[in-house]
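The next block holds one structure in the form of structure tokens; read it before the comments.
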Amino acid sequence: MEEIPLGALFFALAVLLILSAFFSTSETSMMALNRYRLKHQVQLGNRSARLTAQLLQKIDRLLGVILLGNTLINAAATTLSTIIAVQLFGKSEIVLGFSTLTITFLLLVFSEIAPKIVGASYPERIALPASYILTPLLKLTYPVVWIVNLFARALLWLVRFKPTTETHKLSMEELRTLVLEASHFIPQKHQSILLNLFELENITVNDVMTSRSQIEAIDIDAPLDVIKRQLATCYHSRLPVYQGQMDNIIGILHVRAALNLSLEQQINSEHLREMLREAYFIPAGTPLFSQLHHFQEKHDRMALVVDEYGELMGLVTIEDILEEIIGEFTTHAPAQSLIIHKQADGSVLVEGSSLLRDINRKLGLKLPVDGPKTLNGLILEHFQDIPEAGTSLKIAGYPMEIVQTQDRVVKVVCIYPQQASEPQ
């Protein structure tokens with residue numbers, strides 16, 4: 001070694017540090033790669049992505065060749081630094097100790113810490129090109145890597161550790177976090193739709209249904225002129241038909257078909273009965289996501305919600321579910337639309353029958369929705385009694401005043417902004 005020029009030794013040491021940095025950067029970038037993006041690039045026919053994916057499928061061999069190369073190079077760099085130190089300063093314990101400290105510092109800074117920071121910051125830019133080098137290197141060193149891995153697996157077997165090849169499946173909450181983290185890449189409307197879709201499992205038909213008191217239905221025993229007038233002025237394409245009382249639903253009537261028949265001939269209750277389709281009943285508490293699948297399987301668009309005693313609670317349509325995902329897009333009947341009157345002082349007048357979810361969505365509030373579904377129900381639960389007009393209260397930090405009550409229900413409520421003082 002004494003015959004080798006000192007400059008050549010320094011050059012060789014620099015090459016070893018660069019090679020060590022390559023293996024360190026490759027290891028970190030391979031582990032930090034976005035697997036889903038990598039799969040997408042493989043599907044697009046990216047050759048480097050395909051090579052990288054093949055390497056990651058054999059993770060034990062990949063780590064084996066990277067660590068083998070890194071260990072051998074670091075050992076060679078340590079030996080070479082010792083030779084350089086001896087040539088420069090002579091052989092002594094102080095020189096050897098200084099040489100060890102120096103090469104340790106160089107390896108940590110230039111071959112470990114800095115390269116791994118770069119690899120973690122730009123995994124795709126480094127891992128994909130590196131696969132062109134690691135793939136043939138893996139084939140070349142396969143026998144050595146196989147023997148090393150054999151001893152490693154034997155050690156794992158001794159400590160009763162079983163490595164798993166199962167890929168981690170993302171939960172709904174993890175997917176939600178992923179969508180929120182990708183807000184810079186996903187348009188806001190698309191992000192909102194995805195988040196609403198994840199919420200369907202937590203929302204039931206009770207949250208979006210039209211309550212029993214607001215259902216527009218036809219009494220089959222009503223006079224024909226009343227039924228015709230109702231058909232001509234209704235806001236829906238399908239109406240439930242009952243006999244005697246609302247709980248006795250006998251079928252669903254297609255309004256357009258009934259109107260066309262009434263133009264061709266004089267219809268009567270028997271004609272209407274023949275046109276009825278069987279009503280579709282679902283239990284209260286059905287998750288919206290499940291109900292969406294049920295609508296798809298049954299090729300239906302409307303379902304009647306009943307409680308455990310079979311009493312009618314409300315009505316839900318496929319449009320109600322779709323609006324939970326993409327927002328409102330249909331025209332509602334006046335009795336079902338959320339009517340809001342904004343006041344000059346920033347307060348708003350809201351009907352007591354309005355759904356809390358609609359109020360929160362329209363006004364940006366955070367009223368609790370895990371109990372009663374309407375504003376009237378929330379207020380009645382708060383008081384455990386029927387309050388009088390002019391009564392003030394605060395729910396979830398929002399000051400309110402009851403403006404009008406009628407027939408044992410709260411009809412109109414004034415909601416004040418949170419920063420405003422409570423009404424007197």
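Seen from ASP207, the other residues with C-beta closer than 9 Å to its C-beta sum to a net charge of +1, counting Lys and Arg as +1 and Asp and Glu as -1.
Using Cα pairs under 8 angstrom and six or more residues apart, how large is the relative contact order of the chain, in percent? Before the final figure, lay out the partial values.
Values: 516 pairs, mean separation 45.3, N = 424.
Computed value for the chain: 11 percent relative contact order.
For the peptides 199-210, 146-157, 95-106, the ranking by mean Cβ contacts within 10 Å, running from highest to lowest, is 199-210, 95-106, 146-157.
Applying 0.36 nm per residue to the separation of LYS394 and VAL95 and subtracting their alpha-carbon distance, the gain on full extension is 99.8 nm. Computed from Cα positions, the angle between helix 59-89 and the longest principal axis of the chain comes to roughly 40 degrees.
Per the Debye calculation on the range 103-224 with a single equal scatterer at every Cα and no solvent contribution, log₁₀ I(q)/I(0) for q = 0.10, 0.13, 0.20 Å⁻¹ amounts to -0.74, -1.01, -1.22. A simple count of charges around GLY371, restricted to other residues whose Cβ falls under 12 Å of its Cβ and scoring Lys, Arg +1 and Asp, Glu -1, yields -2.
Can you tell me the mean projection area, over all orientations, of the convex hull of the range 6-158's alpha carbons? Units nm², please.
Details: hull surface 44.0 nm².
Averaged projected area of the range 6-158's Cα convex hull equals 11.0 nm².
The angle between the Cα long axis of helix 123-140 and the main principal axis of the chain comes to about 50°, on a 0 to 90 degree scale. If one takes the longest principal axis of the Cα atoms in the chain, at what angle in degrees, from 0 to 90 and to the nearest 10, does the Cα axis of helix 6-32 lie? So the helix axis and the longest Cα principal axis differ by about 20 degrees. Other residues whose C-beta falls under 12 angstrom from the C-beta of GLY244 contribute a net charge of -3, scoring Lys and Arg +1 and Asp and Glu -1. Taking each DSSP H run with n ≥ 4 as -39500 (n - 2.57) and averaging over every residue of the chain yields -16500 deg cm²/dmol at 222 nm. Between the range 386-410 and the range 206-239, what is the separation of their alpha carbon centroids in Å? Taking the Cα centre of the range 206-239 as reference, the centre of the range 386-410 is 30 Å away. Among the trypsin sites (Lys or Arg not before Pro) in the range 11-72, those located in a DSSP loop and surrounded by at most 16 other Cβ atoms within 10 Å of their own Cβ are LYS58. Placing pseudo-labels 7 Å out from each Cα toward the beta carbon at LEU44 and PHE11 gives an inter-label distance of 4.1 nm. Label-to-label distance for PHE161 and GLU181 is 2.5 nm, based on points extended 7 Å past Cα in the beta-carbon direction. Distance between the 7 Å Cα→Cβ label points at ASN34 and PHE198: 1.6 nm. Please work out which option in (i) 22.6, 85; (ii) 22.9, 73; (iii) 36.1, 119 gives Rg and Dmax of the Cα atoms in Å calculated from these coordinates, and answer with its label. Read-out taken from this structure: (iii). Our estimate of slack between MET246 and ILE340, defined as 0.36 nm per intervening residue step minus the Cα-Cα distance, is 30.9 nm.
Where a number appears in this text, it was derived from the coordinates with a stated rule and is not lab data. Treat the numbers as computed from the prediction; the structure is a model and nothing was measured. Positions of Cβ are generated from backbone atoms using ideal geometry, with glycine treated the same way; all protein chains shown enter the neighbour counts.
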